[in-house]
Amino acid sequence: MKIDGKPYRSIWPHADGRTVEIIDQTRLPHEFAVLRLATMVEAAHAIRVMQVRGAPLIGATAAYGVALAMREDPSDAGLARALDILGKTRPTAVNLRWALARVGACLGNLEAAGRAARAWAEAAAICDQDVAINRAIGEHGLGLIRDIAARKQGGRVNVLTHCNAGWLATVDWGTATAPIYLAHEAGIDVHVWVDETRPRVQGALTAWELGQHGVPHTFIADNAGGHLMQHGEVDIVITGTDRVTADGDVANKIGTYLKALAAHDNGVPFYVALPSPTIDWSVRDGLREIPIEERAAAEVETVTGRGVDGRLATVTVTPQGSTAANPAFDVTPARLVTGLITERGIARATPEGLGALFPESA
Ligand code: MRU
């Protein structure tokens, strides 16, 4: 999508053919900075500290991480080391495991000399596939927004989203945002309620990218969603996800579950947009089987933003001596999910619903 009118992806190979570039998301929305990743260790670091984030982009970066590793050490030991280090960067998004398995599988039987080029090509293919998948998700989700617009006789369609499942979290388009971008481009009057998403405020990333693309949006405190739903101000909730079980349970950014509860109580449709690599067919019970990342307490204790003097500052919001906890994801049970928007269509959040769309995996 566009930044200052110029089309970007969130990750791209540098013209030197040996390094890869990303947008440093720890500096957005206040500063736009491009970062060059030259080694596997740098790629792992970028994932760990969330310079790149969002399940599909984590997977894409890890794939390039293997390619960078193969330039340094294409031996079997080098490959095993890269898969191990990259695989331990973040626990919840299953796209990481998926991407590493995919690149690892195509390198396993290759001579060491051919591994770097093959991994590079596979990482690029993963990126291109992600863009195509998200575009398809957008087409399917657009139908939902069109239906609401028709029901409201052209009145404004209000979508609520949580975290950033936008193009910054994928390679392009985003998952939750793809239907929104397409609706906007189709001339539908669509407006987005953007949850702040404490503690890391990924909502600011969503607001930034929607703003860059000219999509009307309003930034709200995380606690405002239930109130807005009670007053008929939300027509549909669309979120992304880091892992969906074969039974349709959804792990996503902390706070998603509360939005699903509020949506359920108010009869607001709650949809989750996902590319098929986000489905973990090996697990069924999301609450028991999905590992939830615990991040540093400092992310909860502090907030970073631009001060009145225009400078970036980090301030502490908790009293001295209080402890803070930071579970980064939660699980929304399938029963609260109206539908799963995938590249193959919209599935019910049930084993049968997912199985009908992906019979080869179910
Ligand atoms: O911790 P983050 O910022 O990586 O979490 C991101 C999310 O929770 C997204 O909603 C999810 O990865 C889907 S991105 C299309």
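The values are calculated or read from the model by the stated rules, or taken from the named source; none is laboratory data. This structure is a prediction, so every number in the text was calculated from the model and none was measured. Every residue, glycine among them, receives a Cβ derived from its backbone with ideal geometry; neighbour counts consider all protein chains shown. When the accessible area is computed, the model is the full protein with side chains, heavy atoms only, and any ligands, DNA or RNA have been set aside. Shrake-Rupley method; radii C 1.70, N 1.55, O 1.52, S 1.80 Å.
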- Query: Assuming H191 fulfils every condition listed in (1) part of a helix (DSSP H, G or I); (2) surrounded by fewer than 21 Cβ atoms within 10 Å (Cβ to Cβ) apart from one, which condition is it?
  - Reply: (1)
- Return the residue satisfying two criteria in turn: it lies in region 233-249 and is within 15 Å of the ligand (Cβ to nearest atom) and hydrophobic (A, V, I, L, M, F, W, C), and of such residues it is surrounded by the most Cβ atoms within 10 Å (Cβ to Cβ). V244
- Considering only region 194-213, how many residues are assigned to a helix (DSSP H, G or I) and of a type in the set (D, E, K, R)? 1
- Note on the structure: Residues of region 15-37 being in a loop (DSSP other than H, G, I, E, B) and open to solvent by less than 50 Å² (accessible area, probe 1.4 Å), in sequence order, are G17, T19, D24, Q25, L28, P29, A33
- Task: Scan region 169-203 residue by residue and report those that are more than 9 Å from the ligand (Cβ to nearest atom), in contact (Cβ under 8 Å) with a residue 60 or more places away in the chain and closer than 19 Å to I254 by Cα.
- Result: D195, R198, P199, V201
- Item | strands (runs of 3 or more DSSP E) contained in region 272-354 and holding at least 2 residues within 18 Å of Q202 (Cα to Cα) and more than 16 Å from the ligand (Cβ to nearest atom) | 302-306, 312-316
- Task: Could you pull out the residue among G214, G203, G187 that is under 15 Å from the mean Cα position of the chain (by Cα), of a type outside the set (A, V, I, L, M) and not assigned by TED's automatic domain parsing to the domain that holds V49?
- Result: G203
- Message: As an exercise: evaluate G154 against (1) on the phi > 0 side of the Ramachandran plot; (2) open to solvent by 10 Å² or more (accessible area, probe 1.4 Å); (3) within 16 Å of the ligand (Cβ to nearest atom) and give the number of the one condition it does not meet.
- Response: (3)
- Within region 92-103, which residues are within 15 Å of the ligand (Cβ to nearest atom) and either open to solvent by less than 60 Å² (accessible area, probe 1.4 Å) or modelled with pLDDT under 95 (or both)? T92, A93, V94, N95, L96, A99
- Task: Confirm whether D242 is in contact (Cβ under 8 Å) with a residue 60 or more places away in the chain and either in contact with a Gly (Cβ under 8 Å, 6 or more places away or on another chain) or in the same structural domain as A296 (by TED's automatic domain parsing) (or both).
- Result: yes
- Which members of region 174-188 meet the condition of being in a loop (DSSP other than H, G, I, E, B) and either modelled with pLDDT under 95 or crowded, with 24+ Cβ neighbours inside 10 Å (or both)? G174, T175, A176, T177
